[in-house]
Structure formats: structure tokens, C-alpha cells
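See structure below.
Coordinate-derived values only; no laboratory data. The model shown is predicted, which means the values in this text are computed figures rather than measured ones. We place every Cβ from the backbone using ideal geometry, glycine too, and count neighbours over all the protein chains shown.
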Amino acid sequence: MARPTVPAMTTFSDRVRAAADGEGRLPLPQQAMWEIFPFEPEALVVKPLQADVVPEPPRGGEGDSPCWRCSEPEADVIWGDQQWVLAGMGELRLPFAAMLMPRAHLDLGDLDEDMSADLGRLIVLIDRAVRRVPDVARCHVNKWGDGGAHLHVAFLARPTGMLQLRGSNLTLWEDMLPPIPPESAAAAMRQVADELARVRGEVYL
């Protein structure tokens, strides 16, 4: 279906709403036609656009809203040093999944030059370690920030051979996958933590 021509307007939201149909629904994204998309496009309906919320509500850790990480700084930590922790993400459904976070309450834009450079070094070290875990073909690195103001960089392992799970749709597939057996999950976490600890920091498992 051809996308409608969008007239120039004053705000981003105005332009988006002008592209929607009479019910406020945008057309399906091209991503819905990719072979890695987990759902059949014929069965999908785009939700109507909701009203803008301005000003936006505070994220966790902003204003008076408590920070989920600072309230439980050692929760699920598998590795750490003086400035950073790597923590699990609950029940494991991929060969490996964890988040790297600063110990201090900082978001990405709050990092100084030293911590910024250190973040880059750690991302590379963790990526290498995750790709050595059995059944891992790729390690995807993602940073989202709408839920909390405490920086959390996610590392998600794509299983070997499961090409349908590759790319940006991995997080959609993850929710539908069965849990990894606890002993396998623990072994993967320990392997990554041990490898990092050979370079710096310590294992928390």
C-alpha cells in the first residue's frame, strides 16, 4: 500500500498524525514484510495513535521517581568492578542476556571522557566473551532509555543457526522462547563473568 503524502506541518507529531487513516492508524511498517518478522502481517492491526503526553512523566530515577537499580544495586550481578556491574535480566530465554550498568546513578550523556572510553572497552570485552558461549552466533548490543534514567546497555545472544531470530526482531522472539534450563543459564553467566574477571573486576556468582 502506498504511503500518503504528508504535508509540511509545525511539529513531528502533526506530520505523523497526518499520515494516519481516519481511525488514527499508521500503515504496517516494512519490517512486517521481512522474513525475520515473527508475525504474519495479514493478521496484524496497527494500534491507533494516542494523544501526546507533554510534559513527559519522569522515568525511574528522575525527579522523585525512585531508581530501580539504585534501590537494589547488587541484584542479579554476575560481574563487577569499582565502576560497573554486569547483571542478569531474570529468567534466561536466550543463550545469554545481561545488562551493563554503572554503579553510580548516571545516564549515557552523564559519562565523563574516561567512563565513556571505558564503556567502549567493556562493550568489546563482553561481546567477545558472549560469542564464546555455546550456541551463540551473534551478540546484539542495545541501549534503550525510556524506562529508567540509570544507564543499562543490554547484551542479547542470538542462537546459532536460528536465522529467523536474527537482527532487530530478536527481542520480540525472546518473549516467546521457552526458558533456558537453570543449569545451562548459570553456566553461560559464569563463563562470561569468568572471562571478564581474567581482564578486570571480579565474579559475583
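Taking amide H positions as placed in the peptide plane 1.01 Å from N, state which residues far from TRP84 in sequence (5 or more) or on other chains have amide H under 5 Å from it. Answer set, sorted by chain and number: ARG103. The overall shape of the range 6-113 is oblate: from the C-alpha gyration tensor, with semi-axes ordered a ≥ b ≥ c, the ratio a/c is 1.5 or greater and a/b is no larger than b/c.
For the chain, averaging the sequence separation of C-alpha pairs within contact (under 8 Å, six or more residues apart) and dividing by the residue count gives a relative contact order of 23 percent. Taken one residue at a time, the phi angles of the range 107-114 give Karplus couplings (6.51, -1.76, 1.60, θ = phi - 60°) of 9, 4, x, 8, 5, 7, 4, 5 Hz. Gly and Pro are set to x. In this rough spin-label picture, where each label sits 7 Å from Cα along the Cβ direction, the ASP81-SER168 distance is 3.3 nm. Taking label positions 7 Å along the Cα-Cβ direction at both LEU205 and GLN31, the computed distance is 3.1 nm, reported to one decimal.
Charged side chains reduced to their Cβ positions (Lys and Arg at +1, Asp and Glu at -1) give the chain a dipole of some 680 debye around its Cα centre. Each of ASP14, ASP81 has some number of other Cβ atoms within 10 Å of its Cβ, and from fewest to most they run ASP14, ASP81.
In the neighborhood of ARG190, defined by Cβ-to-Cβ distances under 14 Å, what is the net charge if each Lys or Arg adds +1 and each Asp or Glu adds -1? That works out to -3.
Here the calculated FRET efficiency for TRP144 and LEU49, from their Cβ-Cβ distance with R0 = 22 Å, stands at 0.60, rounded to the nearest 0.05.
By the rule of a second cysteine Cβ within less than 4.7 angstrom, the chain holds isolated cysteines at CYS139. Compute the Cα gyration tensor for the range 164-205, then decide on rounded, prolate or oblate, letting a ≥ b ≥ c be the square roots of its eigenvalues: rounded whenever a/c is under 1.5, prolate when a/b is larger than b/c in the other cases, and oblate in all that remain. It is oblate, given that a/c is not under 1.5 and a/b is not larger than b/c. Shown here: Cα Rg over 2.2 N^0.38 Å, derived from the displayed model; of the candidates (1) 1.96; (2) 1.37; (3) 1.21, it corresponds to (3). Taking other C-beta atoms within 10 angstrom as a stand-in for reagent exposure, ASP76, ASP146, ASP52 fall in the order ASP146, ASP52, ASP76, fewest first.
Each label point was placed 7 Å from the Cα along the Cα-to-Cβ direction; for GLU56 and PHE12 their separation is 0.8 nm.
Among beta bridges from DSSP that stay inside the chain, the antiparallel ones total about 95%. Sorted on the mean count of surrounding Cβ atoms within 10 Å across their residues, most packed first, peptides 94-104, 20-30 read 94-104, 20-30.
By the beta-carbon count within 10 Å of each Cβ, the least crowded to most crowded order of TRP68, TRP84, TRP79, fewest first, is TRP68, TRP84, TRP79. Working note: Karplus 6.51/-1.76/1.60 with θ = phi - 60° gives the range 168-177 the couplings 6, 8, 4, 5, 5, 5, 3, 4, 9, 6 Hz, where Gly and Pro are set to x.
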